[in-house]
1. Explain nothing, just compute: Karplus ³J(HN,Hα) = 6.51 cos²θ - 1.76 cosθ + 1.60, θ = phi - 60°, for every residue of the range 59-70 in order, whole Hz, x for Gly and Pro.
2. Considering only protein heavy atoms, with the full assembly of protein chains and a 1.4 angstrom probe, order H5, H92, H114 by accessible area, largest first.
3. If you stretched the chain out fully between R54 and R25, how much longer would it get, using 0.36 nm times the residue separation minus the C-alpha to C-alpha distance?
4. Leaving out ligands and nucleic acids, note down the accessible area per residue over the chain with a 1.4 angstrom probe, in whole Å².
5. Provide the per-residue ³J(HN,Hα) series for the range 79-88, in order, calculated from phi with Karplus coefficients 6.51, -1.76, 1.60 and θ = phi - 60°, each as a whole number of Hz, with x at glycine and proline positions.
6. Could you estimate the translational diffusion coefficient of the range 16-115 from the Stokes-Einstein equation, with Rh from the Kirkwood formula over C-alpha pairs, at 37 °C and 0.692 mPa s, in whole µm²/s?
7. Summarise the accessible area of the chain (1.4 Å probe, protein heavy atoms) by the percent that is carbon and sulfur.
8. Going from most exposed to least, what order do V8, V50 have by accessible area with a 1.4 Å probe?
Amino acid sequence: DAGVHSKVWYAATCDRKTAEDALYRSNKDGSFLIRKSSGQDSRQPYTLVVFYNRRVYNIPIRFIESTRQYALGREKSGEERFDSVAEIVENHQRTSLVLIDSQNNTKDSTKLKHIVRVS
């Protein structure tokens, strides 16, 4: 169990568009929520959705079977791994999360500051 179901930032039944709309409405840098990933892939069960600089970023949360841990984005060497999705959120409430915009090839960073609830 990723430790997400009782959390206020977990939007269990939320799809990508609903999540993005909710974050655009919040319009606050560092707004975030976690939703189930769109694909039915056990190796990528969740998506961290973050609002920053008038953009919404959908960052996949991967499940690493061999270590039973979670990591953000594509696999990379030296990546941070966490024992639960909740640990990812807690970590990035304290330390900045790097946001990579692949279309414009830019990097930003923000902390997870504002929990967005999807009604």
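1. 3J(HN,Hα) across the range 59-70, in whole Hz: 10, x, 10, 8, 9, 9, 4, 4, 10, 6, 10, 10.
2. H5, H114, H92
3. Details: separation 29, 0.36 × 29 = 10.44 nm, distance 1.03 nm.
Taking 0.36 nm per residue and subtracting the Cα distance, the gain is 9.4 nm.
4. Values: 7170 Å² over 119 residues.
The answer is 60 Å² per residue.
5. Computed from phi, the couplings for the range 79-88 are 6, 6, 10, 10, 7, 8, 5, 4, 5, 4 Hz.
6. Values: Rh = 13.8 Å.
Translational D for this selection: 238 µm²/s.
7. Working: 3040 of 7170 Å².
So the carbon and sulfur contribution to the accessible surface is 42 percent.
8. From most accessible down to least: V8, V50.
The values are calculated or read from the model by the stated rules, or taken from the named source; none is laboratory data. None of the values given here were measured: they were computed from a predicted structure. Cβ coordinates were reconstructed from backbone atoms using ideal geometry, including for glycine residues, and neighbour counts include every protein chain displayed. Areas reflect the complete protein model, heavy atoms only, side chains present, ligands, DNA and RNA absent. Shrake-Rupley method; radii C 1.70, N 1.55, O 1.52, S 1.80 Å.
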